[in-house]
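As structure tokens, the structure follows; a few thoughts come after it.
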Amino acid sequence: MTSLISPFIDYLAFERGLAKHTRAAYASDLVRFTDFLARRHHCLDASAVTTDDILSFQEAEKQAGMADSTLARRLVSIKGFFAYLRAENIITVNVAHAIGARRQGRTLPHVLSQSQVEALLNAPSSTTRDGIRDRAILELFYASGLRVSELAGLPLDGLRFDEALVRCFGKGSKMRLVPMGATAEAALKHYLAASRPKYVPCPGEQHVFLNPRGGGLSRVGVWGILKRHARQAGLGDDVSPHWLRHSFATHMLGNGAPIRIIQEMLGHANIGTTQIYTHVDSARLHDIHERFHPRS
């Protein structure tokens, strides 16, 4: 069965158009499942897999402490894989079809307070090459709510200073325009003038943010920059790029921005995805009520 995973991943790329990172997650889930089957049966024949095998795998993963979101994604991977095998007539019965999608408890996103954001943004040096770059990265993250992949992949022509907008391509290669804000605009212009040339860009390099070798920063590189400055700011080791995205949306909502506008800026296809931020804001209001109301 292991040999069937690669053609399935190719199908996800060429027929379904799924992103590279999504395909990697599917592949990882299926390898883990086949490892489980090998230990359980010492057999990897796809036609021999049963519904009980899949349910047992889910239970074993739950006992191993996997988060509900991880369990749900692994089930999606398995169901997609067996649907593909049935469509290709590799198996005669899709044993995963009858298994319902696992219901997840909704978890609220992590949000930094405005004072924590200020501490983070002020952490990079204002005089060094890397510090000027890092400040521009953090300012743009918070000002725009970009995903880490969108920020790392941002090209120079995505900065539209004449309109104070950022043009980026999100999930499904959908283009959107997001305001960059005056503070982020100033940080970006300072970086482009005083810092980026010092990285000695590779010939033809069009990425806005560069690594020490003059190439474009990777997602992992951006993540590492944020982690380093979060520690400097006393925010611990858990802060991720998505925390700044969540903070952007929550602070916008808290200051009166319409949720439809926030949806558009975040690039959410479904308003339901954006509505989680109304729950975050409600949680903040409840906290304030409990702290200050005499009969709470």
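Since every read-out is calculated from the coordinates, none of them should be taken as a lab result. If you're wondering where the values come from, they're calculated on a predicted model, not measured in any experiment. As a convention, Cβ positions derive from the backbone with ideal geometry for all residues, glycine included, and neighbour counts pool all protein chains shown.
Numerical summary
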item: More than 20 angstrom apart: percent of Cα pairs within the range 140-251; result: 42 percent
item: Chymotrypsin sites (Phe, Trp or Tyr not before Pro) within the range 131-171: DSSP coil, no more than 13 neighbouring Cβ in 10 Å; result: Phe161
item: Residue among Ala164, Ala123, Ala38 with the largest mean-square fluctuation in a Gaussian network model of the chain, springs linking Cα atoms under 10 Å; result: Ala38
item: C-alpha long axis of helix 68-87 to longest principal axis of the chain, angle in °; result: 50 degrees
item: For the range 34-96, the fraction of alpha-carbon pairs in successive 10 Å shells from zero, as %; result: 22, 53, 24, 2
item: Ascending count of other beta-carbon atoms within 10 Å, so fewest first, for His242, His21; result: His21, His242
item: Given charges at Cβ of Lys, Arg, Asp, Glu: the chain dipole, positive-most of Ser6, Gly204, Tyr84; result: Gly204
item: Under 14 Å, Cβ to Cβ, from Asp52 - net charge with Lys/Arg +1 and Asp/Glu -1; result: -1
item: Value of Rg/Rh across the range 54-166 [Cα atoms, Kirkwood radius]; result: 1.20
item: Candidates Glu139, Glu264, Glu59: whichever shows maximal mean-square fluctuation once the chain is modelled as a Gaussian network with Cα springs under 10 Å; result: Glu59
item: Between the range 254-275 and the range 1-43, the alpha-carbon center distance in angstrom; result: 33 Å
item: Relative contact order %, the chain, counting alpha carbon pairs below 8 Å whose residues are six or more apart; result: 15 percent
item: Neighbourhood net charge (12 Å Cβ-Cβ; Lys/Arg +1, Asp/Glu -1) for Gly80; result: +4
